[in-house]
Structure formats: structure tokens, C-alpha cells
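The block underneath contains the structure these notes are about, expressed in C-alpha cells.
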Amino acid sequence: MAEPRWLNEKEQQAWRAFIAAQRVVNSRIEQQLQRDAGIPHTYYEILVRLSEAADNRLRMSELADATLGSRSRLSHAVNRLEQAGWVRREGIESDRRGQVAIMTDLGRQKLVESAPGHVEEVRSAIFDALTEEQVEQLHDICASLARHSGDTIDRAAWERPPR
């Protein structure tokens with residue numbers, strides 16, 4: 001087995017800063033959504049993805065890919081969203097095993113009510129701390145990491161249009 005490519009001091013500092021920032025930001029966003037909307041970030045993300053899809057509907061497999069979750073975890077989350085009346089599922093005639101998730105009017109209302117507090121927390125946790133140049137750098141770094149990791153599923157979320 002080859003010798004590990006150990007991190008140098010700068011890389012180790014960058015790695016630890018990345019981990020700390022990720023934990024703090026994720027924790028703040030999760031706490032805000034739980035406190036103000038009564039839902040976890042995962043459920044919010046599902047509602048967002050459905051709201052952005054044509055006719056507010058996505059195949060369950062596409063929704064799992066878009067939210068970077070396992071199909072079983074997504075199925076559990078959609079069950080909970082169905083119980084709340086925010087999403088419904090329908091079978092696909094051409095594919096007996098396939099299903100689509102569809103955001104209901106009640107789901108859209110929940111998203112509309114939840115979005116202002118969520119976006120304020122995102123702004124407070126991330127963008128208020130950065131200069132305009134740092135926002136561009138953050139985008140470029142995250143897009144590079146996504147490309148390097150092979151994330152081609154949601155390219156539109158991290159690619160910047162040409163300037």
C-alpha cells in the first residue's frame with residue numbers, strides 16, 4: 001500500500017476551518033428551521049426542489065439524486081411530508097415501479113411561510129461575514145469541490161454563467 005499523502009500544515013488548518021464552518025453553519029440552519037418552521041432542513045430542501053420542478057413534481061429517483069440522499073431516506077421523508085399534507089405521491093403509468101412526488105398547495109404555503117426566516121439565517125450565517133469577492137471565491141471553491149467529487153447531478157446549482 002502506498003504511503004498516505006499527509007496534509008501539510010496549511011492544508012490541515014484549511015481542513016479544520018472547513019469542518020468547523022460546515023458544522024456551525026449546518027447547525028444554525030437546522031436549528032432555525034426546526035425552531036421557526038418545525039421541519040428539518042432535509043424536508044425544506046425537498047419542498048424547494050419540488051417547487052423548482054416543472055408542475056411541482058419530480059420522480060422519486062430524481063428527487064433523491066437532487067437532494068443527494070438515499071432513496072430509502074427520501075422515501076421516509078416524503079412519507080412524513082405526505083402525512084403533513086405538503087406532498088403527495090402518484091404512480092407513473094409507463095413505469096409500474098416508478099412514482100412521482102408532487103408538492104401540494106399546502107406544501108407551497110409551508111415553503112412560502114418558511115423561506116423568509118431560512119434565507120435570513122443563511123444570509124446571517126454565511127453572506128454577512130463575506131465580502132463580495134469572498135462570495136465569488138466561495139462559489140468557485142465549492143464548485144471545484146463538487147466537480148472534483150463527480151457531482152454532475154445538480155450542475156446548475158454550482159455552475160456560474162459566463163461573465
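For the range 65-80, the count of residues that are of a type outside the set (D, E, K, R) and under 17 Å from E113 (Cβ atoms) is zero.
Screening W6 on (1) closer than 21 Å to L145 by Cβ; (2) aromatic (F, W, Y); (3) part of a helix (DSSP H, G or I) shows it passes everything except condition (3). Just wondering, is there one or more residues in the range 146-153 that are of a type outside the set (A, V, I, L, M), over 30 Å from R35 (Cβ atoms), touching a helix residue (DSSP H, G or I) at 6+ places or on another chain (Cβ under 7 Å) and at pLDDT below 90? No, that holds for no residue. Filtering the range 79-100 to residues that are among the aliphatic types (A, V, I, L, M) and modelled with pLDDT of 95 or more leaves L81, A84, V87. When each of V24, V48 is tested for being at pLDDT 95 or above, assigned to a helix (DSSP H, G or I), touching a helix residue (DSSP H, G or I) at 6+ places or on another chain (Cβ under 8 Å) and exposed (fewer than 15 other Cβ atoms within 10 Å of the Cβ), the lone residue that passes is V24.
The values are calculated or read from the model by the stated rules, or taken from the named source; none is laboratory data. Predicted model, so just to flag it, every value in this text is computed and none were measured. Cβ: placed from backbone, ideal geometry, glycine included. Neighbour counts: every protein chain shown.
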